[in-house]
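Here's the structure, in structure tokens; my notes come after.
The values are calculated or read from the model by the stated rules, or taken from the named source; none is laboratory data. Remember, it's a predicted structure, so these values are computed and weren't measured experimentally. Neighbour counts run over all protein chains shown; Cβ positions are idealised from the backbone, glycine included.
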Amino acid sequence: MSSLLCTAFIVCSIFASLLQCTVIKLPVEREPVVTVRNGSLTGIYSSAYHQDFFLGIPFAQPPVGNLRFRKPQSLENKWAKPRKADAYSASCVGYGPNNILYRSSSEDCLYLNVIRPSGYVNGKKQLPVGIWIHGGGYFAGSSIDQRFNLSYIVQQSVEIGKPFIAISMNYRVSAWGFLSSAEVIESGQANVGLWDQRLALHWVQENIAAFGGEYIPSSPHSAFTFQVLTDPVGDPKQVTIWGESAGAQSVGNHLIAFGGRNDRLFRAAIMQSGSPTSFTSLSPSQDAFNNLTDSTGCSGALDKLQCLREIPFATLNQFFNNTQPGTRQPWAPVIDGDFIPGKASILLAQGKYVPVPIISGANSDEGTTFSPRGVNSTEDFLRFLTGEIFLH
Amino acid sequence: MPIPTLIPIEFAYKILDAYPDFPSKGSPGSPPLPPDFRPGLPYGAQFRRAASYFGDAQWIAARRYTCQTWAKAGLDAYCYRFNTDVAGLPAELGATHFQEVAFVFHNTDGLGYAVNPFQDMSESYFDLATLMSSSWASFIHDLDPNSWRARGQWKNKRTPLWPKYNSRNPQDIVWDANFTGLAVVEKDNFRASSISLIISHFADIYDL
């Protein structure tokens with residue numbers, strides 16, 4: 001899909017030492033193309049926002065088949081023809097009311113989206129980058145959720161003279177991304193949903209500087225025509241990671257990752273209702289894992305994880321769907337001795353985090369979403385705190 | 001692992017003391033709810049008490065601890081409390097989880113919401129979306145959420161600048177569409193001892 005844009009050209013002719021330029025207006029086809037490491041991407045131009053969208057860009061091999069329950073693998077293939085990047089991908093497989101509304105979901109979901117102000121002319125060729133990591137309790141959510149449409153804030157950024165390129169990515173959620181047990185940790189395949197995010201951050205480092213350049217319109221004035229609307233590129237040195245809820249806790253996890261090893265993937269962080277020490281305990285869900293392997297006939301397997309890789313998608317999907325009661329679902333980041341080397345509160349106290357500027361916030365009444373209902377007495381409250389039943 | 005994290009009974013008694021049954025001190029507070037208001041079904045008479053604790057245990061204590069950690073290390077931390085009720089939610093939920101997202105994303109169209117959070121809301125709600133999204137963009141651009149205001153684009157003179165968190169004088173900004181300045185700077189010491197109790201047990205009780 002492309003749009004017509006009536007834009008200004010400067011037509012110049014060089015005659016002897018004299019440079020003559022005239023501004024003319026021509027309707028042109030605008031179809032933004034960028035070339036990343038794996039080939040060219042054809043995005044879409046939005047005249048409503050004067051932005052270019054590059055949607056559904058693959059940043060990893062599809063984590064299917066033998067790659068299920070494994071850390072994401074970098075893309076190796078190059079595509080020869082320009083690849084269409086004009087539609088959101090499927091969401092990752094998640095559960096709960098929001099995910100039911102998504103157009104499609106799939107294990108093949110590791111895609112990201114780039115929203116770029118087009119032709120931004122302000123002497124700024126390199127723009128900072130904001131990378132949105134969605135929330136959803138590690139069991140739901142996706143970058144394709146309309147509430148995470150990045151066009152409005154990018155437009156606002158342009159209006160105030162602080163333009164940035166916005167990116168959002170999918171990562172695996174629920175057990176697909178956060179299966180945990182002693183066996184999973186032992187195999188080195190824990191927290192793969194965080195590794196998905198991490199690979200997307202690496203992808204941005206490798207590719208965002210390629211988002212830009214001049215766009216060349218189909219014009220009759222070939223030799224002496226050039227386009228004044230140079231598209232900005234992203235600056236990999238000016239990246240902010242940014243998330244809400246589980247997405248903000250994920251940002252926190254990148255801050256403490258590998259004990260605060262600075263891989264220079266970002267220079268700032270925004271955490272909306274989520275922090276390194278938010279909301280989920282960091283121990284593996286061994287009981288839930290055992291239930292899973294029991295019910296799928298994998299508990300006796302020598303390599304339980306490999307056995308689970310060979311179970312049909314529908315079987316696992318049904319099991320996860322039936323065993324995840326909302327926010328009490330069992331799958332979340334765990335201490336793995338690697339990505340998360342220890343308890344977040346202790347890492348913070350030891351200064352083991354990446355020392356970048358942050359925004360950190362929470363809402364006044366966070367707990368009204370998460371408190372159990374039916375708290376009628378002190379006994380009720382005590383029961384919800386401890387999980388124990390008290391007899392009157 | 002399941003959340004809310006379950007806690008041992010001895011510690012739970014300390015929590016009962018730290019979060020006493022005063023509805024006006026609970027969540028939502030007063031205002032916006034009447035001081036003695038006890039929610040009915042499905043929430044329950046002590047819901048405001050419980051919600052105050054669970055909000056702190058899961059999010060708010062972690063936010064404060066993060067800000068404290070950054071400030072102590074001499075790093076820049078801009079901290080906030082979002083305090084605006086939106087359209088489409090019952091009053092018992094107050095300014096609950098996720099509701100700041102529509103403001104940060106400047107999603108005044110309500111794209112993706114069953115009820116537009118801005119539906120029938122006053123102009124100040126739209127202004128708050130502009131203020132917050134601009135502050136975010138400014139931080140992404142300059143590492144400073146205030147820098148965009150240097151050009152005089154923001155006309156509301158009552159809006160304070162967003163201070164950095166400071167160990168000796170810890171402050172956060174409160175985003176509230178009902179204030180004439182849409183924000184105020186507050187001392188970050190609400191429920192100080194209760195939240196400190198949670199923070200001091202992140203590692204041993206909460207497994208964080």
Checklist outcome for this item: Restricting attention to segment A:71-105, the residues that are more than 21 Å from A:Val204 (Cβ to Cβ) and surrounded by fewer than 16 Cβ atoms within 10 Å (Cβ to Cβ) number exactly 7
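Against the definition (surrounded by 23 or more Cβ atoms within 10 Å (Cβ to Cβ), touching a residue at least 40 places away in the same chain (Cβ under 8 Å) and either over 22 Å from A:His254 (Cβ atoms) or not hydroxyl-bearing (Ser, Thr, Tyr) (or both)), how does A:Pro58 come out, yes or no? Talk me through it step by step, then tell me what you get.
Working: surrounded by 23 or more Cβ atoms within 10 Å (Cβ to Cβ): no; touching a residue at least 40 places away in the same chain (Cβ under 8 Å): yes; either over 22 Å from A:His254 (Cβ atoms) or not hydroxyl-bearing (Ser, Thr, Tyr) (or both): yes.
No.
To keep it simple, each residue is scored yes or no on (1) within 14 Å of chain B (Cβ to nearest Cβ); (2) crowded, with 24+ Cβ neighbours inside 10 Å.
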| position | (1), (2) |
| --- | --- |
| A:Leu112 | no, yes |
| A:Ser151 | yes, no |
| A:Ile165 | yes, yes |
| A:Tyr171 | no, yes |
| A:Gly188 | no, no |
Next on the checklist: Criterion first (at the interface with chain B (Cβ under 7 Å from one of its Cβ atoms) and under 18 Å from A:Gln249 (Cα atoms)) does A:Ala349 satisfy it?
Outcome noted: no
Checklist entry - Does B:Leu6 meet the test of being without any contact (Cβ under 8 Å) to a residue 40 or more places away in the chain, in contact with a strand residue (DSSP E or B) (Cβ under 9 Å, 6 or more places away or on another chain), under 22 Å from A:Ala344 (Cβ atoms) and surrounded by fewer than 22 Cβ atoms within 10 Å (Cβ to Cβ)? => result no
Checklist entry - In this structure, is B:Trp148 closer than 17 Å to B:Val104 by Cα, within 11 Å of chain A (Cβ to nearest Cβ) and part of a loop (DSSP other than H, G, I, E, B)? => result no
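Residue by residue, here is whether (1) assigned to a strand (DSSP E or B); (2) within 14 Å of chain B (Cβ to nearest Cβ); (3) modelled with pLDDT of 95 or more holds:
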| site | (1), (2), (3) |
| --- | --- |
| A:Ala200 | no, no, yes |
| A:Ile208 | no, yes, yes |
| A:Trp242 | yes, yes, yes |
| A:Gln249 | no, yes, yes |
| A:Gly252 | no, yes, yes |
| A:Arg264 | no, no, yes |
| A:Ala269 | yes, yes, yes |
Item to check | Conditions (1) touching a strand residue (DSSP E or B) at 6+ places or on another chain (Cβ under 8 Å); (2) over 29 Å from A:Ala210 (Cα atoms); number of the one not met by A:Gly65 | outcome: (1)
Next on the checklist: Restricting to segment B:83-116, name every residue that is touching a Gly at 6+ places or on another chain (Cβ under 8 Å) and more than 8 Å from chain A (Cβ to nearest Cβ).
Outcome noted: B:Asp85, B:Ala114, B:Val115, B:Asn116
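Scan the helices (runs of 4 or more DSSP H) fully inside segment A:330-392 and keep the ones with 2 or more residues being β-branched (Val, Ile, Thr). Walk me through it before giving the result.
Values: elements: A:344-349, A:367-370, A:378-386.
Output list reads A:367-370, A:378-386.
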Checklist outcome for this item: If you go through B:Tyr80, B:Tyr113, the only one that is among the aromatic types (Phe, Trp, Tyr) and in a strand (DSSP E or B) is B:Tyr80
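Could you list, in sequence order, all residues of segment A:153-173 that are under 30 Å from A:Phe69 (Cα atoms) and hydrophobic (A, V, I, L, M, F, W, C)?
Kept after step one, since they are under 30 Å from A:Phe69 (Cα atoms), are these residues of segment A:153-173: A:166-173.
Hits for segment A:153-173 are A:Ala166, A:Ile167, A:Met169, A:Val173.
Okay, residues lined up against (1) assigned to a loop (DSSP other than H, G, I, E, B); (2) at pLDDT below 95; (3) more than 7 Å from chain A (Cβ to nearest Cβ):
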residue	(1), (2), (3)
B:Ala50	no, no, no
B:Tyr53	no, no, no
B:Ala61	no, no, yes
B:Gln68	no, no, yes
B:Ala71	no, no, yes
B:Leu75	yes, no, no
B:Phe118	yes, no, yes
B:Tyr125	no, no, yes
Checklist outcome for this item: Only one of (1) out of contact with any Phe, Trp or Tyr (no Cβ under 9 Å at 6 or more places or on another chain); (2) among the charged types (D, E, K, R); (3) under 28 Å from A:Leu348 (Cα atoms); (4) at the interface with chain A (Cβ under 8 Å from one of its Cβ atoms) does not apply to B:Asp172, and that is (1)
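Name every residue in segment B:195-204 that is touching a residue at least 12 places away in the same chain (Cβ under 8 Å), surrounded by fewer than 21 Cβ atoms within 10 Å (Cβ to Cβ) and within 12 Å of chain A (Cβ to nearest Cβ), in order of residue number.
Selection gives B:Ile199, B:His201.
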Checklist outcome for this item: Only unsatisfied item for B:Lys155, checking (1) more than 9 Å from chain A (Cβ to nearest Cβ); (2) surrounded by 16 or more Cβ atoms within 10 Å (Cβ to Cβ); (3) over 16 Å from the mean Cα position of the chain (by Cα), is (2)
Next on the checklist: Suppose we filter segment A:275-295 for residues that are more than 7 Å from chain B (Cβ to nearest Cβ), touching a helix residue (DSSP H, G or I) at 6+ places or on another chain (Cβ under 9 Å) and touching a residue at least 40 places away in the same chain (Cβ under 8 Å); how many remain?
Outcome noted: 5
Checklist entry - Could you count how many residues in segment B:11-40 are surrounded by fewer than 24 Cβ atoms within 10 Å (Cβ to Cβ), assigned to a loop (DSSP other than H, G, I, E, B) and facing another protein chain (nearest Cβ under 8 Å)? => result 2
Checklist outcome for this item: When restricted to A:Thr22, A:Thr7, the only residue in contact with a Lys or Arg (Cβ under 8 Å, 6 or more places away or on another chain), of a type outside the set (A, V, I, L, M, F, W, C) and at pLDDT below 95 is A:Thr7
Checklist entry - Of the numbered conditions (1) surrounded by fewer than 18 Cβ atoms within 10 Å (Cβ to Cβ); (2) facing chain B (nearest Cβ under 8 Å); (3) out of contact with any Pro (no Cβ under 9 Å at 6 or more places or on another chain); (4) over 30 Å from A:Val184 (Cα atoms), A:Glu379 satisfies every one except a single condition; which is it? => result (2)
Item to check | Scope segment B:109-147; condition farther than 14 Å from B:Thr84 by Cβ, of a type in the set (Val, Ile, Thr) and either surrounded by fewer than 18 Cβ atoms within 10 Å (Cβ to Cβ) or out of contact with any Phe, Trp or Tyr (no Cβ under 6 Å at 6 or more places or on another chain) (or both); matching residues | outcome: B:Val115
Next on the checklist: Please verify whether B:Tyr43 is within 19 Å of A:Phe384 (Cβ to Cβ) and either at the interface with another protein chain (Cβ under 8 Å from one of its Cβ atoms) or more than 18 Å from the chain's Cα centre (by Cα) (or both), treating the condition exactly as stated.
Outcome noted: yes
Next on the checklist: Among the residues that make up segment B:179-193, is at least one of them more than 9 Å from chain A (Cβ to nearest Cβ), loosely packed, with under 14 Cβ neighbours inside 10 Å and more than 30 Å from B:Phe126 (Cα to Cα)?
Outcome noted: yes
